[in-house]
Amino acid sequence: MKNALRLLTILFLLPATISFAQSKDSLMVAAIIKEASENSQLKNNAHELLDGIGPRLVGSPKMQQAHDWAVAKYTSWGITARNEKWGEWRGWERGISHIDMVQPWVKTLEGTQLAWSPSTGGKTITAELIIIADVADSMAFIQWLPNVKGKFVMISMMQPTGRPDYNWQEFGTKESVDKMKKERTDQNDAWRKRISKTGLSNKNLALALEKAGAVGIVGSNWSAGFGVNKIFGASTTKIPTIDIALEDYGLLYRLLESGKNPMISVRTDSKELGMVPTFNTVAEIKGTEKPNEYVMLSAHFDSWDGGTGATDNGTGTFVMMEAMRILKKVYPNPKRTILVGHWGSEEQGLNGSRAFVEDHSEIVKNMQALFNQDNGTGRVVNIGGAGFLHSYEYMGRWLARVPSGYKQELETRFPGAPSGGGSDNASFVAAGVPAFGLGSNSWLYGSYTWHTNRDTYDKIVFDDVKNNAILTAILVYMACEDPATTSREKIVLPSNRLTGEPGKWPEQRSPTRKGGID
Ligand SMILES: [Zn+2]
(Lines give C-alpha, C1' and ligand atoms only; values in the text may rest on other atoms or scores of the structure.)
Protein backbone atom coordinates (compact mmCIF):
# COMPACT_ATOMS: atom_id res chain seq x y z
CA MET A 1 0.00 0.00 0.00
CA LYS A 2 2.77 2.38 1.01
CA ASN A 3 4.81 1.55 -2.09
CA ALA A 4 1.81 1.80 -4.27
CA LEU A 5 1.06 5.20 -2.86
CA ARG A 6 4.61 6.38 -3.49
CA LEU A 7 4.45 5.15 -7.05
CA LEU A 8 1.19 6.93 -7.50
CA THR A 9 2.72 10.13 -6.11
CA ILE A 10 5.68 9.87 -8.49
CA LEU A 11 3.39 9.19 -11.40
CA PHE A 12 1.33 12.16 -10.42
CA LEU A 13 4.23 14.57 -9.82
CA LEU A 14 6.27 13.76 -12.90
CA PRO A 15 3.77 14.88 -15.48
CA ALA A 16 2.94 17.78 -13.18
CA THR A 17 6.47 19.21 -13.48
CA ILE A 18 6.42 18.79 -17.24
CA SER A 19 2.99 20.25 -17.58
CA PHE A 20 3.94 23.20 -15.37
CA ALA A 21 6.62 24.19 -17.93
CA GLN A 22 4.25 23.42 -20.75
CA SER A 23 1.44 25.46 -19.35
CA LYS A 24 3.78 28.37 -18.60
CA ASP A 25 4.88 28.20 -22.23
CA SER A 26 1.37 27.90 -23.56
CA LEU A 27 0.25 30.90 -21.52
CA MET A 28 3.13 32.90 -22.98
CA VAL A 29 2.38 31.70 -26.52
CA ALA A 30 -1.26 32.66 -26.06
CA ALA A 31 -0.24 36.10 -24.78
CA ILE A 32 2.06 36.62 -27.79
CA ILE A 33 -0.71 35.69 -30.22
CA LYS A 34 -3.23 37.89 -28.41
CA GLU A 35 -0.97 40.95 -28.46
CA ALA A 36 -0.04 40.39 -32.13
CA SER A 37 -3.69 40.03 -33.08
CA GLU A 38 -5.33 42.72 -30.98
CA ASN A 39 -2.73 45.45 -31.04
CA SER A 40 -0.77 44.98 -34.27
CA GLN A 41 1.52 47.87 -35.18
CA LEU A 42 2.52 46.37 -38.54
CA LYS A 43 0.43 48.58 -40.84
CA ASN A 44 1.23 51.72 -38.95
CA ASN A 45 4.97 50.99 -38.97
CA ALA A 46 4.89 50.06 -42.65
CA HIS A 47 3.14 53.31 -43.51
CA GLU A 48 5.49 55.43 -41.43
CA LEU A 49 8.67 53.84 -42.76
CA LEU A 50 7.78 53.04 -46.39
CA ASP A 51 5.41 55.88 -47.24
CA GLY A 52 6.60 58.49 -44.76
CA ILE A 53 10.36 58.04 -45.13
CA GLY A 54 10.79 55.92 -48.26
CA PRO A 55 13.65 53.81 -49.63
CA ARG A 56 16.82 53.35 -47.61
CA LEU A 57 19.88 53.42 -49.82
CA VAL A 58 23.17 53.27 -47.90
CA GLY A 59 24.61 56.76 -47.46
CA SER A 60 21.33 58.53 -48.27
CA PRO A 61 19.60 60.95 -45.87
CA LYS A 62 16.59 58.58 -45.87
CA MET A 63 18.69 55.78 -44.43
CA GLN A 64 19.68 58.10 -41.60
CA GLN A 65 16.07 59.19 -41.08
CA ALA A 66 15.03 55.53 -40.89
CA HIS A 67 17.64 54.75 -38.23
CA ASP A 68 16.45 57.70 -36.16
CA TRP A 69 12.81 56.64 -36.65
CA ALA A 70 13.59 53.10 -35.42
CA VAL A 71 15.34 54.38 -32.28
CA ALA A 72 12.41 56.70 -31.53
CA LYS A 73 9.93 53.87 -32.11
CA TYR A 74 11.74 51.50 -29.74
CA THR A 75 12.06 54.27 -27.17
CA SER A 76 8.29 54.84 -27.34
CA TRP A 77 7.81 51.14 -26.50
CA GLY A 78 10.16 51.42 -23.50
CA ILE A 79 12.94 49.49 -25.26
CA THR A 80 16.53 50.75 -25.11
CA ALA A 81 17.87 51.42 -28.61
CA ARG A 82 20.91 53.03 -30.19
CA ASN A 83 22.49 53.73 -33.57
CA GLU A 84 25.98 52.24 -33.77
CA LYS A 85 28.34 53.75 -36.29
CA TRP A 86 30.37 51.16 -38.18
CA GLY A 87 31.67 53.00 -41.24
CA GLU A 88 31.25 55.69 -43.86
CA TRP A 89 29.69 55.75 -47.31
CA ARG A 90 29.45 58.07 -50.28
CA GLY A 91 26.45 60.27 -49.47
CA TRP A 92 23.93 60.71 -52.27
CA GLU A 93 20.38 61.96 -52.36
CA ARG A 94 17.94 60.97 -55.11
CA GLY A 95 16.22 63.84 -56.86
CA ILE A 96 13.55 64.26 -59.50
CA SER A 97 13.98 62.26 -62.72
CA HIS A 98 12.12 63.64 -65.75
CA ILE A 99 12.43 61.57 -68.90
CA ASP A 100 10.38 62.48 -71.99
CA MET A 101 10.37 61.43 -75.61
CA VAL A 102 10.15 64.67 -77.61
CA GLN A 103 10.52 63.24 -81.13
CA PRO A 104 8.92 61.80 -83.31
CA TRP A 105 6.02 62.41 -80.92
CA VAL A 106 5.70 63.45 -77.30
CA LYS A 107 5.44 60.97 -74.45
CA THR A 108 6.53 61.13 -70.85
CA LEU A 109 8.54 57.97 -70.29
CA GLU A 110 8.54 55.70 -67.28
CA GLY A 111 12.07 55.68 -65.97
CA THR A 112 14.39 56.88 -63.26
CA GLN A 113 18.04 57.58 -62.62
CA LEU A 114 20.01 54.74 -61.05
CA ALA A 115 21.33 55.11 -57.51
CA TRP A 116 24.48 57.29 -57.38
CA SER A 117 23.88 58.51 -60.93
CA PRO A 118 25.24 62.01 -61.57
CA SER A 119 22.66 64.78 -61.97
CA THR A 120 22.23 66.87 -65.10
CA GLY A 121 23.40 69.94 -63.18
CA GLY A 122 20.05 71.71 -63.08
CA LYS A 123 19.64 71.45 -66.86
CA THR A 124 17.43 69.40 -69.17
CA ILE A 125 19.44 67.54 -71.77
CA THR A 126 17.76 66.86 -75.10
CA ALA A 127 19.54 64.56 -77.53
CA GLU A 128 19.30 61.71 -79.99
CA LEU A 129 19.90 58.12 -79.11
CA ILE A 130 22.31 55.47 -80.35
CA ILE A 131 22.33 51.74 -79.72
CA ILE A 132 25.62 50.19 -78.66
CA ALA A 133 27.03 48.81 -81.92
CA ASP A 134 27.66 45.19 -82.77
CA VAL A 135 31.37 45.44 -83.60
CA ALA A 136 33.94 42.76 -84.51
CA ASP A 137 36.26 43.26 -81.54
CA SER A 138 37.62 45.73 -78.99
CA MET A 139 39.68 47.56 -81.66
CA ALA A 140 36.60 48.08 -83.79
CA PHE A 141 34.75 49.26 -80.68
CA ILE A 142 37.36 51.96 -80.05
CA GLN A 143 36.93 53.12 -83.65
CA TRP A 144 33.15 53.20 -83.24
CA LEU A 145 33.24 55.08 -79.90
CA PRO A 146 33.31 58.67 -81.32
CA ASN A 147 29.78 58.04 -82.68
CA VAL A 148 28.34 58.37 -79.17
CA LYS A 149 29.36 62.01 -78.81
CA GLY A 150 26.37 64.15 -77.87
CA LYS A 151 24.02 61.17 -77.68
CA PHE A 152 22.24 58.99 -75.17
CA VAL A 153 23.58 55.45 -75.51
CA MET A 154 21.20 52.50 -75.21
CA ILE A 155 23.08 49.62 -73.63
CA SER A 156 20.34 47.03 -72.96
CA MET A 157 18.82 44.46 -75.27
CA MET A 158 15.27 45.12 -76.40
CA GLN A 159 13.09 42.38 -74.86
CA PRO A 160 11.17 40.42 -77.50
CA THR A 161 8.13 40.22 -75.22
CA GLY A 162 6.79 42.25 -72.30
CA ARG A 163 4.72 39.31 -71.13
CA PRO A 164 6.11 37.14 -68.34
CA ASP A 165 6.54 33.42 -69.04
CA TYR A 166 3.63 32.41 -66.81
CA ASN A 167 1.34 34.54 -69.00
CA TRP A 168 2.64 32.89 -72.18
CA GLN A 169 2.20 29.49 -70.63
CA GLU A 170 -1.37 30.21 -69.62
CA PHE A 171 -2.57 31.51 -72.98
CA GLY A 172 -0.05 30.61 -75.70
CA THR A 173 0.08 27.50 -77.84
CA LYS A 174 2.96 25.18 -77.06
CA GLU A 175 4.48 26.02 -80.47
CA SER A 176 4.41 29.76 -79.91
CA VAL A 177 5.80 29.47 -76.37
CA ASP A 178 8.68 27.29 -77.57
CA LYS A 179 9.36 29.61 -80.49
CA MET A 180 9.37 32.70 -78.27
CA LYS A 181 11.76 31.06 -75.80
CA LYS A 182 14.14 29.92 -78.52
CA GLU A 183 14.22 33.36 -80.15
CA ARG A 184 14.77 35.02 -76.80
CA THR A 185 17.63 32.69 -75.90
CA ASP A 186 19.31 33.35 -79.26
CA GLN A 187 18.81 37.08 -78.86
CA ASN A 188 20.22 37.01 -75.30
CA ASP A 189 23.29 35.11 -76.49
CA ALA A 190 23.85 37.54 -79.34
CA TRP A 191 23.53 40.52 -77.00
CA ARG A 192 25.96 39.02 -74.50
CA LYS A 193 28.46 38.58 -77.35
CA ARG A 194 27.86 42.14 -78.53
CA ILE A 195 28.80 43.48 -75.09
CA SER A 196 31.73 41.12 -74.61
CA LYS A 197 33.20 42.07 -77.99
CA THR A 198 33.69 45.62 -76.69
CA GLY A 199 36.33 44.06 -74.44
CA LEU A 200 34.91 45.97 -71.47
CA SER A 201 33.04 45.06 -68.30
CA ASN A 202 29.64 46.74 -67.79
CA LYS A 203 31.21 49.31 -65.48
CA ASN A 204 34.13 50.12 -67.78
CA LEU A 205 31.81 50.25 -70.76
CA ALA A 206 29.74 53.00 -69.09
CA LEU A 207 32.93 54.89 -68.24
CA ALA A 208 34.28 54.55 -71.80
CA LEU A 209 31.01 55.92 -73.22
CA GLU A 210 31.14 58.81 -70.78
CA LYS A 211 34.73 59.58 -71.75
CA ALA A 212 33.82 59.47 -75.45
CA GLY A 213 31.30 62.29 -74.96
CA ALA A 214 27.97 60.48 -74.53
CA VAL A 215 25.43 62.68 -72.72
CA GLY A 216 23.83 59.80 -70.81
CA ILE A 217 23.48 56.04 -70.50
CA VAL A 218 20.07 54.45 -71.02
CA GLY A 219 19.36 50.89 -69.92
CA SER A 220 16.38 48.70 -69.16
CA ASN A 221 16.84 45.98 -66.56
CA TRP A 222 13.58 44.08 -66.98
CA SER A 223 12.62 41.82 -64.09
CA ALA A 224 10.53 39.32 -66.07
CA GLY A 225 7.12 40.50 -64.81
CA PHE A 226 4.52 43.06 -65.87
CA GLY A 227 5.81 46.55 -65.11
CA VAL A 228 8.90 45.58 -63.15
CA ASN A 229 12.50 46.67 -63.62
CA LYS A 230 15.36 46.16 -61.20
CA ILE A 231 16.98 49.45 -60.22
CA PHE A 232 20.61 49.23 -59.11
CA GLY A 233 23.52 51.68 -59.08
CA ALA A 234 25.26 53.72 -61.79
CA SER A 235 28.93 53.55 -62.76
CA THR A 236 29.18 56.88 -64.55
CA THR A 237 30.85 59.82 -62.82
CA LYS A 238 29.67 62.81 -64.90
CA ILE A 239 26.73 61.85 -67.09
CA PRO A 240 23.39 60.45 -65.86
CA THR A 241 22.56 56.75 -66.06
CA ILE A 242 18.86 56.05 -66.32
CA ASP A 243 16.67 52.96 -66.46
CA ILE A 244 13.58 53.00 -68.68
CA ALA A 245 10.64 50.60 -68.37
CA LEU A 246 10.48 47.76 -70.90
CA GLU A 247 7.58 49.25 -72.86
CA ASP A 248 9.17 52.68 -73.34
CA TYR A 249 12.63 51.25 -73.94
CA GLY A 250 11.24 49.02 -76.68
CA LEU A 251 9.43 51.99 -78.21
CA LEU A 252 12.64 54.05 -78.45
CA TYR A 253 14.64 51.07 -79.71
CA ARG A 254 12.22 50.22 -82.51
CA LEU A 255 11.90 53.87 -83.58
CA LEU A 256 15.66 54.19 -83.68
CA GLU A 257 16.12 50.99 -85.67
CA SER A 258 13.50 52.03 -88.23
CA GLY A 259 15.16 55.41 -88.78
CA LYS A 260 12.49 57.56 -87.09
CA ASN A 261 15.19 59.39 -85.15
CA PRO A 262 13.69 59.54 -81.65
CA MET A 263 14.96 62.19 -79.22
CA ILE A 264 14.61 62.28 -75.46
CA SER A 265 14.85 64.99 -72.80
CA VAL A 266 16.34 64.05 -69.46
CA ARG A 267 16.65 65.92 -66.23
CA THR A 268 18.01 64.32 -63.03
CA ASP A 269 18.39 66.37 -59.88
CA SER A 270 20.29 64.17 -57.42
CA LYS A 271 22.81 65.59 -54.95
CA GLU A 272 26.26 64.45 -53.84
CA LEU A 273 26.73 64.79 -50.09
CA GLY A 274 30.34 63.76 -49.51
CA MET A 275 31.22 60.94 -47.12
CA VAL A 276 28.61 60.29 -44.42
CA PRO A 277 28.62 57.96 -41.39
CA THR A 278 26.74 54.63 -41.62
CA PHE A 279 24.97 52.85 -38.78
CA ASN A 280 23.21 49.77 -37.45
CA THR A 281 20.20 50.23 -35.17
CA VAL A 282 20.49 47.91 -32.17
CA ALA A 283 17.82 47.56 -29.48
CA GLU A 284 17.83 45.50 -26.32
CA ILE A 285 15.66 43.95 -23.61
CA LYS A 286 18.03 43.10 -20.78
CA GLY A 287 18.11 39.52 -19.49
CA THR A 288 17.51 38.83 -15.81
CA GLU A 289 19.15 35.45 -15.10
CA LYS A 290 21.75 35.36 -17.85
CA PRO A 291 22.16 38.97 -19.00
CA ASN A 292 25.42 38.14 -20.77
CA GLU A 293 23.86 35.52 -22.99
CA TYR A 294 21.97 36.73 -26.05
CA VAL A 295 19.15 35.82 -28.37
CA MET A 296 19.13 38.07 -31.41
CA LEU A 297 16.53 39.12 -33.96
CA SER A 298 17.98 40.27 -37.25
CA ALA A 299 16.89 41.96 -40.48
CA HIS A 300 18.69 44.35 -42.76
CA PHE A 301 17.29 47.86 -42.77
CA ASP A 302 18.76 49.26 -45.96
CA SER A 303 17.26 48.81 -49.43
CA TRP A 304 17.75 49.65 -53.07
CA ASP A 305 15.78 52.72 -54.00
CA GLY A 306 13.72 52.04 -57.14
CA GLY A 307 10.71 51.30 -54.91
CA THR A 308 10.48 51.76 -51.16
CA GLY A 309 12.10 48.48 -50.10
CA ALA A 310 8.75 47.17 -48.81
CA THR A 311 9.56 43.46 -49.06
CA ASP A 312 13.35 43.85 -49.16
CA ASN A 313 13.55 44.27 -46.37
CA GLY A 314 10.71 46.30 -44.90
CA THR A 315 8.80 43.14 -44.08
CA GLY A 316 11.74 41.51 -42.28
CA THR A 317 12.20 44.78 -40.40
CA PHE A 318 8.53 44.93 -39.33
CA VAL A 319 8.58 41.28 -38.24
CA MET A 320 11.52 41.92 -35.92
CA MET A 321 10.18 45.25 -34.60
CA GLU A 322 6.78 43.74 -33.92
CA ALA A 323 8.30 40.68 -32.21
CA MET A 324 10.37 43.01 -30.00
CA ARG A 325 7.33 45.12 -29.15
CA ILE A 326 5.26 42.05 -28.26
CA LEU A 327 8.04 40.49 -26.19
CA LYS A 328 8.61 43.70 -24.25
CA LYS A 329 4.92 43.75 -23.40
CA VAL A 330 4.31 40.10 -22.50
CA TYR A 331 7.82 38.93 -21.55
CA PRO A 332 9.57 42.01 -20.16
CA ASN A 333 12.04 40.10 -17.99
CA PRO A 334 13.62 37.49 -20.25
CA LYS A 335 16.17 35.02 -18.86
CA ARG A 336 18.69 35.93 -21.53
CA THR A 337 19.17 39.36 -23.12
CA ILE A 338 17.15 39.90 -26.29
CA LEU A 339 18.83 41.98 -28.99
CA VAL A 340 17.64 43.13 -32.36
CA GLY A 341 19.94 44.25 -35.19
CA HIS A 342 18.63 46.42 -38.05
CA TRP A 343 21.66 46.30 -40.32
CA GLY A 344 22.96 48.95 -42.67
CA SER A 345 24.35 48.17 -46.14
CA GLU A 346 23.40 44.52 -46.45
CA GLU A 347 22.89 45.10 -50.16
CA GLN A 348 26.54 45.97 -50.77
CA GLY A 349 27.85 42.84 -49.01
CA LEU A 350 26.37 42.24 -45.52
CA ASN A 351 28.44 45.18 -44.28
CA GLY A 352 26.46 46.22 -41.18
CA SER A 353 26.17 42.70 -39.77
CA ARG A 354 29.79 41.85 -40.58
CA ALA A 355 30.83 44.98 -38.70
CA PHE A 356 28.68 44.02 -35.70
CA VAL A 357 30.25 40.54 -35.60
CA GLU A 358 33.73 42.08 -35.83
CA ASP A 359 33.05 44.80 -33.22
CA HIS A 360 31.19 42.71 -30.61
CA SER A 361 33.06 39.46 -30.15
CA GLU A 362 31.87 39.24 -26.52
CA ILE A 363 28.22 39.21 -27.65
CA VAL A 364 28.83 36.91 -30.59
CA LYS A 365 30.66 34.41 -28.35
CA ASN A 366 27.66 34.22 -26.00
CA MET A 367 24.85 34.15 -28.53
CA GLN A 368 22.32 31.42 -27.94
CA ALA A 369 20.64 31.85 -31.32
CA LEU A 370 19.88 34.41 -34.02
CA PHE A 371 16.84 34.60 -36.29
CA ASN A 372 17.05 36.55 -39.55
CA GLN A 373 14.35 37.21 -42.11
CA ASP A 374 15.04 38.67 -45.53
CA ASN A 375 13.19 37.15 -48.44
CA GLY A 376 9.92 38.89 -48.74
CA THR A 377 6.47 39.21 -47.31
CA GLY A 378 5.48 35.53 -47.32
CA ARG A 379 4.77 33.12 -44.47
CA VAL A 380 7.87 31.35 -43.18
CA VAL A 381 7.90 27.93 -44.86
CA ASN A 382 11.59 26.98 -44.67
CA ILE A 383 13.96 26.71 -41.76
CA GLY A 384 17.28 24.88 -41.88
CA GLY A 385 19.77 23.94 -39.17
CA ALA A 386 22.61 25.98 -40.75
CA GLY A 387 25.02 23.05 -40.43
CA PHE A 388 24.93 22.85 -36.64
CA LEU A 389 24.94 19.16 -35.78
CA HIS A 390 22.54 19.35 -32.84
CA SER A 391 20.31 22.10 -34.18
CA TYR A 392 17.41 19.68 -34.55
CA GLU A 393 17.46 19.01 -30.82
CA TYR A 394 16.95 22.64 -29.72
CA MET A 395 15.23 24.13 -32.77
CA GLY A 396 12.96 21.11 -32.83
CA ARG A 397 12.05 21.68 -29.20
CA TRP A 398 11.40 25.41 -29.73
CA LEU A 399 9.38 24.85 -32.88
CA ALA A 400 7.28 22.24 -31.07
CA ARG A 401 5.82 25.06 -28.97
CA VAL A 402 4.60 26.98 -32.04
CA PRO A 403 0.89 26.26 -32.54
CA SER A 404 0.27 24.28 -35.73
CA GLY A 405 -1.60 27.15 -37.41
CA TYR A 406 1.66 29.14 -37.59
CA LYS A 407 3.76 26.37 -39.12
CA GLN A 408 1.36 24.45 -41.34
CA GLU A 409 3.54 24.55 -44.44
CA LEU A 410 6.87 24.71 -42.64
CA GLU A 411 9.60 22.45 -44.03
CA THR A 412 12.66 21.96 -41.90
CA ARG A 413 16.08 20.65 -42.90
CA PHE A 414 18.34 19.53 -40.08
CA PRO A 415 21.24 19.77 -39.68
CA GLY A 416 21.15 21.68 -42.97
CA ALA A 417 24.16 23.52 -44.37
CA PRO A 418 25.88 26.77 -43.34
CA SER A 419 24.79 29.80 -45.33
CA GLY A 420 27.76 31.33 -47.13
CA GLY A 421 26.04 34.61 -48.03
CA GLY A 422 22.70 35.88 -49.20
CA SER A 423 21.71 37.59 -46.00
CA ASP A 424 22.96 38.66 -42.59
CA ASN A 425 22.56 35.31 -40.81
CA ALA A 426 25.63 34.29 -42.86
CA SER A 427 27.79 36.87 -41.06
CA PHE A 428 26.96 35.16 -37.76
CA VAL A 429 27.14 31.56 -39.01
CA ALA A 430 30.70 32.33 -40.19
CA ALA A 431 31.53 33.26 -36.59
CA GLY A 432 30.06 29.97 -35.32
CA VAL A 433 26.74 31.40 -34.05
CA PRO A 434 23.64 29.20 -34.44
CA ALA A 435 22.02 31.72 -36.77
CA PHE A 436 18.94 30.73 -38.71
CA GLY A 437 17.27 32.19 -41.76
CA LEU A 438 13.48 32.22 -41.63
CA GLY A 439 12.62 31.44 -45.26
CA SER A 440 9.39 32.90 -46.68
CA ASN A 441 7.21 31.55 -49.45
CA SER A 442 7.65 33.41 -52.67
CA TRP A 443 4.69 35.63 -53.73
CA LEU A 444 6.91 35.97 -56.86
CA TYR A 445 9.46 37.89 -54.79
CA GLY A 446 12.37 37.31 -57.19
CA SER A 447 10.70 38.87 -60.21
CA TYR A 448 8.12 41.26 -58.81
CA THR A 449 9.55 42.94 -55.74
CA TRP A 450 13.18 42.02 -55.09
CA HIS A 451 15.20 45.18 -55.98
CA THR A 452 12.43 46.43 -58.27
CA ASN A 453 10.61 49.70 -58.85
CA ARG A 454 7.41 48.00 -57.58
CA ASP A 455 8.66 46.97 -54.14
CA THR A 456 6.06 49.07 -52.37
CA TYR A 457 3.60 49.03 -49.45
CA ASP A 458 0.75 47.50 -51.48
CA LYS A 459 2.77 44.26 -52.03
CA ILE A 460 2.83 43.48 -48.31
CA VAL A 461 0.65 40.57 -47.21
CA PHE A 462 0.02 41.64 -43.64
CA ASP A 463 -1.52 38.35 -42.50
CA ASP A 464 1.71 36.59 -43.44
CA VAL A 465 3.89 39.22 -41.78
CA LYS A 466 1.82 38.90 -38.62
CA ASN A 467 2.25 35.12 -38.78
CA ASN A 468 6.02 35.63 -38.96
CA ALA A 469 6.09 38.09 -36.05
CA ILE A 470 4.26 35.54 -33.87
CA LEU A 471 6.54 32.69 -34.97
CA THR A 472 9.65 34.79 -34.33
CA ALA A 473 8.47 35.99 -30.93
CA ILE A 474 7.78 32.39 -29.84
CA LEU A 475 11.17 31.14 -31.05
CA VAL A 476 12.93 34.01 -29.28
CA TYR A 477 10.99 33.33 -26.08
CA MET A 478 11.85 29.61 -26.22
CA ALA A 479 15.53 30.30 -26.93
CA CYS A 480 15.65 32.73 -23.99
CA GLU A 481 14.02 30.31 -21.56
CA ASP A 482 15.93 27.20 -22.59
CA PRO A 483 17.78 25.85 -19.52
CA ALA A 484 20.54 24.60 -21.84
CA THR A 485 23.04 26.58 -23.88
CA THR A 486 22.80 25.71 -27.56
CA SER A 487 25.44 23.43 -29.03
CA ARG A 488 27.68 24.99 -31.68
CA GLU A 489 29.11 21.72 -32.90
CA LYS A 490 29.38 21.81 -36.68
CA ILE A 491 28.68 19.05 -39.16
CA VAL A 492 31.53 17.61 -41.19
CA LEU A 493 30.96 19.26 -44.53
CA PRO A 494 30.99 17.12 -47.67
CA SER A 495 34.26 17.36 -49.59
CA ASN A 496 34.50 19.30 -52.81
CA ARG A 497 33.30 17.06 -55.64
CA LEU A 498 35.87 18.34 -58.11
CA THR A 499 39.02 18.70 -56.01
CA GLY A 500 38.32 16.18 -53.24
CA GLU A 501 39.38 18.84 -50.70
CA PRO A 502 37.54 18.64 -47.37
CA GLY A 503 34.55 21.00 -47.19
CA LYS A 504 35.24 24.28 -45.39
CA TRP A 505 32.99 26.27 -43.08
CA PRO A 506 32.37 29.78 -44.49
CA GLU A 507 35.01 32.22 -43.28
CA GLN A 508 34.27 35.34 -41.26
CA ARG A 509 34.79 38.38 -43.48
CA SER A 510 35.44 42.03 -42.78
CA PRO A 511 32.93 44.64 -43.90
CA THR A 512 33.61 47.48 -46.30
CA ARG A 513 33.98 50.35 -43.82
CA LYS A 514 34.48 53.07 -46.42
CA GLY A 515 32.13 52.49 -49.29
CA GLY A 516 30.98 53.87 -52.61
CA ILE A 517 34.25 55.50 -53.60
CA ASP A 518 36.14 52.89 -55.67
ZN1 LIG B 1 17.32 41.82 -48.61
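The values are calculated or read from the model by the stated rules, or taken from the named source; none is laboratory data. Predicted, not measured: the structure shown is a model, and the values here were computed from it. Here the Cβ is made from the backbone with ideal geometry for all residues, glycine too, and neighbour counts use every protein chain on show. With ligands, DNA and RNA removed, areas are computed over all heavy atoms of the protein, side chains included. Shrake-Rupley method; radii C 1.70, N 1.55, O 1.52, S 1.80 Å.
Cβ-Cβ below 6 Å, separation at least six or inter-chain, first residue in the range 125-146 and without any contact (Cβ under 8 Å) to a residue 12 or more places away in the chain, second open to solvent by less than 70 Å² (accessible area, probe 1.4 Å): which pairs?
Cβ pairs passing all conditions: Trp144/Ala133; Trp144/Val135.
Output the residues belonging to the range 258-304 that are within 16 Å of the ligand (Cβ to nearest atom) and open to solvent by 10 Å² or more (accessible area, probe 1.4 Å).
Within the range 258-304, Trp304 is the sole residue that qualifies.
Which of the numbered conditions does Gly405 fail, given that it passes all the others? Conditions: (1) assigned to a helix (DSSP H, G or I); (2) more than 25 Å from Asn83 (Cβ to Cβ); (3) open to solvent by less than 10 Å² (accessible area, probe 1.4 Å).
(3)
Before we move on, is Asn382 within 16 Å of the ligand (Cβ to nearest atom) and in a strand (DSSP E or B)? Write out each step before concluding.
Details: within 16 Å of the ligand (Cβ to nearest atom): yes; in a strand (DSSP E or B): yes.
It is true that Asn382 is within 16 Å of the ligand (Cβ to nearest atom) and in a strand (DSSP E or B).
So which residues in the range 447-499 are of a type in the set (Asp, Glu) and over 25 Å from Val330 (Cβ atoms)? First the steps, then the outcome.
Filtering the range 447-499 for residues of a type in the set (Asp, Glu) gives 455, 458, 463-464, 481-482, 489.
Those that are of a type in the set (Asp, Glu) and over 25 Å from Val330 (Cβ atoms): Asp455, Asp458, Glu489.
Residue under question is Gly314, and the condition is that it be within 13 Å of the ligand (Cβ to nearest atom), under 17 Å from Gln41 (Cα atoms) and assigned to a helix (DSSP H, G or I); does it hold?
Values: within 13 Å of the ligand (Cβ to nearest atom): yes; under 17 Å from Gln41 (Cα atoms): yes; assigned to a helix (DSSP H, G or I): yes.
Criteria met by Gly314.
Let me spell it out: the conditions are (1) aliphatic (A, V, I, L, M); (2) surrounded by 14 or more Cβ atoms within 10 Å (Cβ to Cβ); (3) assigned to a helix (DSSP H, G or I), and Leu57 meets all of them except one. Which number is the exception?
The single condition Leu57 does not satisfy is (3).
Any chance you could count how many residues in the range 415-465 are aliphatic (A, V, I, L, M), more than 12 Å from Gly378 (Cβ to Cβ) and either within 16 Å of the ligand (Cβ to nearest atom) or surrounded by 17 or more Cβ atoms within 10 Å (Cβ to Cβ) (or both)?
Going through the range 415-465 one residue at a time, the tally reaches 6.
Of all residues in the range 93-108, count the ones that are over 26 Å from Gly274 (Cβ atoms) and open to solvent by less than 70 Å² (accessible area, probe 1.4 Å).
Matching residues across the range 93-108 total 6.
Out of Ile326, Ile242, I need the residue that is open to solvent by less than 40 Å² (accessible area, probe 1.4 Å) and assigned to a strand (DSSP E or B). Which one?
Selected residue: Ile242, the only one of Ile326, Ile242 that is open to solvent by less than 40 Å² (accessible area, probe 1.4 Å) and assigned to a strand (DSSP E or B).
Six or more apart or on different chains, Cβ under 8 Å: which pairs go from a residue in the range 447-458 that's touching a residue at least 24 places away in the same chain (Cβ under 8 Å) and polar (S, T, N, Q) to one that's in a helix (DSSP H, G or I) and open to solvent by less than 20 Å² (accessible area, probe 1.4 Å)? Could you list them?
Close Cβ pairs satisfying both conditions: Thr449/Ala310; Thr449/Thr311; Thr449/Asp312; Thr456/Leu50; Thr456/Ala310.
Select the strands (runs of 3 or more DSSP E) contained entirely in the range 109-180, then report the ones holding at least 1 residues which are open to solvent by 20 Å² or more (accessible area, probe 1.4 Å).
Working: elements: 111-113, 125-131, 152-154.
Result: 111-113, 125-131.
Here is a yes/no grid of residues against (1) away from the ligand (no atom under 13 Å from the Cβ); (2) open to solvent by 10 Å² or more (accessible area, probe 1.4 Å); (3) under 12 Å from Ser427 (Cα atoms); (4) part of a loop (DSSP other than H, G, I, E, B):
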residue: Leu339; (1), (2), (3), (4): yes, no, no, no
residue: Glu346; (1), (2), (3), (4): no, yes, yes, yes
residue: Gly349; (1), (2), (3), (4): no, yes, yes, yes
residue: Ser353; (1), (2), (3), (4): no, no, yes, no
residue: Phe356; (1), (2), (3), (4): yes, no, yes, no
residue: Glu362; (1), (2), (3), (4): yes, yes, no, no
residue: Ala369; (1), (2), (3), (4): yes, no, no, no
residue: Asp374; (1), (2), (3), (4): no, yes, no, yes
residue: Gly378; (1), (2), (3), (4): yes, no, no, yes
